[in-house]
1. Might you let me know whether segment 141-148 holds any residue that is within 15 Å of Thr334 (Cα to Cα), surrounded by 15 or more Cβ atoms within 10 Å (Cβ to Cβ) and among the hydroxyl-bearing types (Ser, Thr, Tyr)?
2. If a residue must be exposed (fewer than 12 other Cβ atoms within 10 Å of the Cβ) and touching a strand residue (DSSP E or B) at 6+ places or on another chain (Cβ under 6 Å), how many such residues does segment 343-367 contain?
3. Anything in segment 299-354 that is in a loop (DSSP other than H, G, I, E, B) and within 22 Å of the chain's Cα centre (by Cα)? List them, or say none.
4. What pairs come out if I take residues in segment 288-312 that are in contact (Cβ under 8 Å) with a residue 60 or more places away in the chain and of a type outside the set (A, V, I, L, M) and pair them with residues that are assigned to a helix (DSSP H, G or I) and open to solvent by 40 Å² or more (accessible area, probe 1.4 Å) whose C-beta lies under 7 Å away, six or more apart or interchain?
5. Are there any helices (runs of 4 or more DSSP H) wholly within segment 1-102 with 3 or more residues that are over 20 Å from the mean Cα position of the chain (by Cα), and if so which?
6. Quick check on my filter: what residues within segment 287-298 are in contact with a helix residue (DSSP H, G or I) (Cβ under 9 Å, 6 or more places away or on another chain), at negative phi and not in a helix (DSSP H, G or I)?
7. Considering segment 255-290 alone, what residues qualify as being of a type in the set (Lys, Arg) and more than 23 Å from Arg314 (Cβ to Cβ)?
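The values are calculated or read from the model by the stated rules, or taken from the named source; none is laboratory data. A quick note: this is a predicted structure, and the numbers were derived from the prediction, not measured. So basically every Cβ, Gly included, is an ideal-geometry build from the backbone, and we count neighbours across all protein chains shown. All accessible areas refer to the heavy atoms of the entire protein, side chains included, with ligands and DNA or RNA removed. Shrake-Rupley method; radii C 1.70, N 1.55, O 1.52, S 1.80 Å.
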Amino acid sequence: MSTLTARLAGSVGAFGVAQWDALVPGGNPFMRHGFLTALEDSASVGPGTGWSPAPIVIEDADGVLRAALPAYLKSHSQGEYVFDHAWADAYARAGGRYYPKLQIAAPFTPATGPRLLTQDSALMAPLLSAAEQLCAQNGISGAHATFIDPAQVPVFEAAGWLIRHDIQFHWTNRGYLSFDDFLADLSSRKRKDLRKERAAATGEVEIVHLRGADIQPAHWDAFWRFYQDTGARKWGSPYLTRAAFDLIGERLGNAVLLILACQEGEAIAGALNVIGPDALYGRYWGSTREVRFLHFELCYYQAIEAAIALGLARVEAGAQGGHKLARGYAPVRTYSAHWIADPGLRAAIADFLDRERAGVAMDANYLETRTPYRKG
């Protein structure tokens, strides 16, 4: 370890594609150089956004990249999907300064994945130690890693970080060869409901799947309109710039799946998905015309069909959304980890998380009984 050095870098783009991507366990698409630099180069993160790239890296004596944390200095808590506004408010009332904070994440992306990027497990603890030292030496209130791959949670726990639980809804491929195979696993009533919803949506539109080079600038222009509409309603203003979509499409290539719904040759709605090695990740959706059940069709049913065709193990359809339950998406535990500098704030958050975890466990157990699958 004496030949290794940890340092703060200014951007992911400061590193080569091959050396960064070699660190990413399992090739998670949202940790890849192409995705993270698309956000940097499109000004979706950086000056004026409240997301300042601050990756922490470990290099050997020859300058070879051995480990990295995809980290950002944050001046707010937007775009994270793990809500800590109450923590920030409480700390401010007590006279503390919660921001800036260090966020370890794929920005604007509530998808599970590795956050400790290295092929050497012995370097995971030093990465966390480097993040803690950065915070302590610079008066940063804490570090927060969100949507952590469950396999890495024990590393954060062993380092003394506070673990937070939440619930998402994922669809699991149980060896299905077709959508009808999936439907056969549902109760009779739910199976009929899904067929009615699909018939109502697809009867009014033509659905097109586009991947990689087939996605042209005109398609991104249409999707940008959909994204702006959804962003304005959900967040007040969209997180990504128009340029981000061109760059994501260019740099992730065939890992991008754009599903469009068209009427008379005009795209009226769309859903953007990213294909990982074992999962399909639903990211953004929007529309310019109201078609009954079209949201469910594009975001959930078409995603299931695509995952089956691609032989993927699951679909992660994003944050929140209890309505996903009736469409075959079951509750799955998600995890975040938090290092808090102030002992008083840490104790208060630890107490809150103990009580919150109990509630999350109860919710998960209840939701599991409400899945649409045949019982017994």
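1. Residues of segment 141-148 within 15 Å of Thr334 (Cα to Cα): 144-148.
Still in the running and surrounded by 15 or more Cβ atoms within 10 Å (Cβ to Cβ): 144-148.
Checking which are among the hydroxyl-bearing types (Ser, Thr, Tyr) leaves us with 146.
Looking for residues that are within 15 Å of Thr334 (Cα to Cα), surrounded by 15 or more Cβ atoms within 10 Å (Cβ to Cβ) and among the hydroxyl-bearing types (Ser, Thr, Tyr), one finds at least one in segment 141-148, hence yes.
2. Within segment 343-367, residues that are exposed (fewer than 12 other Cβ atoms within 10 Å of the Cβ) and touching a strand residue (DSSP E or B) at 6+ places or on another chain (Cβ under 6 Å) number 0.
3. Of the residues in segment 299-354, the ones in a loop (DSSP other than H, G, I, E, B) are 311-313, 317-321, 328-329, 341-342.
Residues satisfying the conditions are Gly311, Leu312, Ala313, Ala317, Gly318, Ala319, Gln320, Gly321, Gly328, Tyr329.
4. That search, which allows pairs on different chains as well, returns Thr288/Arg225; Thr288/Asp229; Glu297/Thr202.
5. Numbers: elements: 17-21, 33-41, 85-93.
Passing ranges, in order: 17-21, 85-93.
6. Across segment 287-298, the qualifying residues are Ser287, Thr288, Val291, Arg292.
7. Going through segment 255-290, the residues of a type in the set (Lys, Arg) turn out to be 283, 289.
The one that is of a type in the set (Lys, Arg) and more than 23 Å from Arg314 (Cβ to Cβ): Arg289.
For (1) open to solvent by less than 60 Å² (accessible area, probe 1.4 Å); (2) small (Gly, Ala, Ser), each residue gets a yes or a no:
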site	(1), (2)
Val12	yes, no
Gln19	no, no
Ser44	yes, yes
Pro53	yes, no
Leu69	yes, no
Tyr72	yes, no
Ser75	no, yes
Arg93	no, no
